[in-house]
Amino acid sequence: MENQCIYCGIASDLSKSDIIPDALTNAKIINPNVCRIEHNNKFSDLFEGEVIRKLALITNGLDIKSSKSKTYASYSTQINIDGTEYSTKISSETELFRNKKMRSVGGKFLFGPIEEIKKIKVANDKNITQIDVNQIEIEKKVNIDLSVFFSESMYRMMAKIAFEWYCLQNDISGKVEAFEPIIQFITNGIGDDIVKIVGNEELYSTLKVTTNFGSHTLLSYVAKDNSVNILVSLFGIAIYNIKICDSVIDKCRNNVIFQELSLDAKRVQFKFDTFEHFKHDFHNKFTEVELGNGVKAKIPKDMTDVSIQYQFFYGTNFTLFQVDLQCANKPNEKIINLIIKNMEDTLQSSAVTLRGLKRFVKENFNSFDEEIKLNPKGTNKKAVFMFYLLFIVGQSNGAIKDLSDLNKELKDKFSGETIGISDEVICKLNDEIFSTADYSDIILKGAKTIDSWNYE
Ligand SMILES: [Zn+2]
């Protein structure tokens, strides 16, 4: 039979829908059975655009950029320079000091490159103050709008992601009657209780240790009432439960599905029809060994099988999915605090990716012949950390040849792959950099090296 749109059943002008909007992930997943205008293009204006704009701070911080756009998403921020507040929109901090003019809150002051300011007619020696941006403390404040996580736009986008993903995983290539309620919710916003936010803290923390920093995770499970549900973890910040349909249907055999989409575009996945078959497969991945004195242990047959940790996560949390998600469809204090904490963790952590490193080099080095001067009073922890990475690459004199070498080096220096950038860590890194006389040359060398690295 001819392929049809999974929303409306028409067979003409089908298009490839990005299941997760392109601006929210580096790992593309596509459903090919969505009609172009009505159920692909229109969703951008209906709900996706708003969510994308409101999550700009997060996608920017995680080095996620739409393939349609040249720059990373910009976000609003307040900057305090020498006691004066400025309000502006930026997509990177280096923009602040490059040909950009900012008016202060209240309009009394203008900040910008000295040559530009001098060109202004009313400017004179008395009303211009010159500041060395390498010597002052600059404070950046960003307002976080949490309401987006509980907005109708977000809920409809989550329903769309879950629905298109579940159809893809079950090879659905036409309209299915049992999906009418979720289709109504996605296309018209009609219907209640289809999308809820998960409030169980334990699930957030076990997912965090299982998956990579900044990943999206999607999984499906069948609830006690036989309804089919999807959990979508958005960057690990908020987890949504989406009800796909009231009962398992014949056309959709796969109901134990898991997929992680990470920041470096890697994906891990497993798929089974029933939980019984899933368990059976998992048990078969282990073999029993004799440890002596009658003590036995189970060890993986294939030590390199990365899916084991994900199956372990699914298996041990299956009952939690069914009975203890602690869902809410309206914000409550507990969930709000959980999301705030997850946002802070996300914005203060750093995944070392090639994309992120290359972006940092590009934004901070106009050309490779100007000297880099670091500000010892710099308060941008992430920038200090990134400069430190350039520093150790430069210092290695070519011994660090690629990202995996760099990761090995970091694993020795820090523990774990996700590095929390605390004040204490930053202090140490700064000390190490500033106690080296020619740090500027070393950092430049590191920047050039990273600029020459190629994507896999
Ligand atoms: Zn359609």
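Looking across GLY315, GLY292, one residue alone is touching a residue at least 24 places away in the same chain (Cβ under 8 Å) and in the same structural domain as LEU218 (by TED's automatic domain parsing). It is GLY315.
Conditions (1) surrounded by 18 or more Cβ atoms within 10 Å (Cβ to Cβ); (2) β-branched (Val, Ile, Thr); (3) more than 26 Å from the chain's Cα centre (by Cα), marked per residue:
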| position | (1), (2), (3) |
| --- | --- |
| PHE385 | yes, no, no |
| LEU390 | yes, no, no |
| ASP412 | no, no, no |
| GLY420 | no, no, no |
| PHE434 | no, no, yes |
| ALA437 | no, no, yes |
| ALA447 | yes, no, no |
| ASP451 | no, no, no |
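Residues of the stretch 7-51 that are within 16 Å of the ligand (Cβ to nearest atom) and part of a loop (DSSP other than H, G, I, E, B): TYR7, CYS8, GLY9, ILE10, ALA11, SER12, ASP13, ILE19. When the stretch 162-186 is filtered for residues that are in contact (Cβ under 8 Å) with a residue 12 or more places away in the chain and either in contact with an Asp or Glu (Cβ under 6 Å, 6 or more places away or on another chain) or outside any helix (DSSP H, G or I) (or both), the ones remaining, listed by number, are ASN170, ILE172, SER173, GLY174, LYS175, VAL176. Residues of the stretch 246-268 include none that is of a type in the set (Lys, Arg), in contact with a strand residue (DSSP E or B) (Cβ under 7 Å, 6 or more places away or on another chain), in contact (Cβ under 8 Å) with a residue 24 or more places away in the chain and within 24 Å of PHE43 (Cα to Cα). Of the residues making up the stretch 226-265, those that are in a loop (DSSP other than H, G, I, E, B) and within 16 Å of the chain's Cα centre (by Cα) are PHE235, GLY236, ILE237, SER262, LEU263, ASP264, ALA265.
Only helices (runs of 4 or more DSSP H) whose full extent lies in the stretch 365-454 are considered here, and the ones with at least 1 residues that are modelled with pLDDT under 85 and among the basic types (Lys, Arg) are 381-395, 403-413.
The values are calculated or read from the model by the stated rules, or taken from the named source; none is laboratory data. Just so you know, these numbers come straight off a predicted model, no measurement behind them. Cβ sites come from the backbone with ideal geometry, for glycine too, and all protein chains shown count toward neighbours.
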